Amino acid sequence: KQSLGGEEIVEDQKSPTTETSEHNTQSQALFSADGKRLMHAWSELSSNANQKRSLPSTSKMQAFLQALATPLPLTFRIRRRSKHSQSSDSNQELQKHVQEMFGGWIGEIALQANTALPTNSTSNVIYQAKRINQQQQQLVLSKTNLGHVAPKLKAWLMENSTNGNIARQELGSMLPVLLLSQAFAGKDDENASVSGDSDKSGWMRLGSRVLDLCASPGSKTLQALEVIGPTGRIKANDINASRLESLREAVQRAQVPNSNRVKYTNVDASQFPIPTQDSKFFDVILCDVPCSGDGTIRKDAHILPNWTPQTSNALHSLQVRILVRAIQCLKVGGVMCYSTCSLNPMENEAVVNAALSRIAALKRPCIQAELLPIPSWPGLSLRPGVKQWKVADFVYNDGNGSNSDAVPDDDGNDDDDSEIPRLKWYNTYQDAMDSETTMAHAVRTLWPPEKDDYGLERCGRLWPEDHDSGGFFVALIRRTK
């Protein structure tokens, strides 16, 4: 828990000053309360002498929980612009203006520039709110306090979002397109022969044919549009017609050049039509599937109170079907990014392993795919994927009507209400089926494989404490046959 109450930093060009305000205390109250609950739960878990499961170190878990207990910092990027763009402000002018007017509030995220961007484009510049210390307290701009604390910055953001100069987008949400368009220094001659490329450019590039399989709300569609230029194509798909219409309006509102290159489809992603002609397969696919969103609890206060293990377990099978269909729509040599805003292995490594296993088992047509390592990118910290994980469900008593994991309430009293759930862990699928409290949504692929055939450590996970961000998961997959 970070103490953020008491004083407010008031916008004044580059040099913030302070004045008394109750706004921060109010805007942080929910996050502080959730942070206390998280820290208490960890304390109870780590001090349990009978706990047989291996646990992360206390310092690492505290850093993780402390990050979750604070609101998500403001993040935005300056859009890539063609050198021939008619935008009123060039990227360089925008950068200069941001630094001069708001440099005390926000700073650039230190990611090394992509050296393989199309020659007619300029690179992304990503900004994030700074954590400012004032009298042993911290303040960071977020969506909950931006209008009150920094109204001039909010007005500037709204104006430049409307005219298409900037995009309000979280770092995690940016990752799929950033990674797919990043030069891959490890691309060797064998890989180049598969993809038909011998250069060192990214997989998503000028002229790419892209499928955004679960496209709404459209931030990745717009980001990809900036990369592929006037000769590329994007098909933006979403199962929800109203969300698809909102996506269409967002693309038009952003005033991004070449927006006529986007075509829209309203199809269940798990049943998206597989192309029947070689020329119709996709060079690159974005597969940001429906997920539990447990990586977004810093932004959405409703996620944590409503979270249950069943949420991820229930989504797993749908996520597998969508990923399988994405691989089937990818051209040979093409690369896709599977992603979620969840940290749960049931929605991530378990899905990747299950989908690749299902693809390998197909006979007609015979398809082969591989999990690629995440390209090295100085300044970007992604944790490797995991090979082992536990599977759990909520049960509401231990068979005797008591709750062994009861948490004291604010008065220090244990609440033994049988409606308060506790986690029950299942070592195997058979354990889940044989248990007196049968696990809901149990499928064999939720559990880790006995043998990792695909190198699951090649997946990447963005932890909130590493970049003061939300949580996010990415996996790069290439179709080889």
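The values are calculated or read from the model by the stated rules, or taken from the named source; none is laboratory data. Note that the coordinates shown come from a computational prediction; the quantities given were computed from them, not determined experimentally. Cβ placement follows ideal geometry from the backbone for every residue including glycine, while neighbour counts extend to all protein chains displayed. The area values use the complete protein model at the heavy-atom level, side chains included, leaving out ligands, DNA and RNA. Shrake-Rupley method; radii C 1.70, N 1.55, O 1.52, S 1.80 Å.
So that you can scan it fast, the table gives a plain yes or no per residue for (1) under 14 Å from the mean Cα position of the chain (by Cα); (2) among the aliphatic types (A, V, I, L, M); (3) assigned to a helix (DSSP H, G or I):
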{"residue": "311", "(1), (2), (3)": "no, no, yes"}
{"residue": "318", "(1), (2), (3)": "no, yes, yes"}
{"residue": "323", "(1), (2), (3)": "no, yes, yes"}
{"residue": "334", "(1), (2), (3)": "no, no, no"}
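If you go through the stretch 285-309 and pick out every residue that is more than 18 Å from the chain's Cα centre (by Cα) and either open to solvent by less than 40 Å² (accessible area, probe 1.4 Å) or of a type in the set (Val, Ile, Thr) (or both), you end up with 2.
Spot the failing condition for residue 280; the list is (1) farther than 23 Å from residue 459 by Cβ; (2) surrounded by fewer than 16 Cβ atoms within 10 Å (Cβ to Cβ); (3) under 20 Å from the mean Cα position of the chain (by Cα), and only one is missed. Of (1) farther than 23 Å from residue 459 by Cβ; (2) surrounded by fewer than 16 Cβ atoms within 10 Å (Cβ to Cβ); (3) under 20 Å from the mean Cα position of the chain (by Cα), only one is false for residue 280: (3).
Selection of the stretch 278-305 for residues being of a type in the set (Lys, Arg) and touching a Leu at 6+ places or on another chain (Cβ under 9 Å) yields 298, 299. Of the residues examined, residue 357 is not one that is modelled with pLDDT of 95 or more, more than 23 Å from residue 384 (Cβ to Cβ) and part of a helix (DSSP H, G or I). Residue 395 meets all of the listed conditions (1) open to solvent by less than 20 Å² (accessible area, probe 1.4 Å); (2) β-branched (Val, Ile, Thr); (3) under 17 Å from the mean Cα position of the chain (by Cα) but one, namely (3). Among the conditions (1) under 17 Å from residue 468 (Cβ atoms); (2) surrounded by fewer than 19 Cβ atoms within 10 Å (Cβ to Cβ); (3) at pLDDT below 85, the only one that residue 111 does not satisfy is (2). Scanning the stretch 242-275 for residues that are among the β-branched types (Val, Ile, Thr) and buried (at least 16 other Cβ atoms within 10 Å of the Cβ) turns up 251, 256, 262, 265. Within the stretch 316-372, if we keep just the residues that are touching a Lys or Arg at 6+ places or on another chain (Cβ under 6 Å) and open to solvent by 50 Å² or more (accessible area, probe 1.4 Å), the residue that is nearest to residue 461 (Cα to Cα) turns out to be 370. Within the stretch 441-459, being in contact (Cβ under 8 Å) with a residue 40 or more places away in the chain and not hydrophobic (A, V, I, L, M, F, W, C) holds for 441, 445, 448, 449, 452, 453, 454, 455, 457, 458. What about residue 152, is it in a helix (DSSP H, G or I), at pLDDT 90 or above, surrounded by fewer than 15 Cβ atoms within 10 Å (Cβ to Cβ) and among the basic types (Lys, Arg)? The answer is yes for residue 152. Here the stretch 205-245 is the region considered, the condition is being among the polar types (S, T, N, Q) and more than 20 Å from the chain's Cα centre (by Cα), and the residue that is modelled with the lowest pLDDT is 231.
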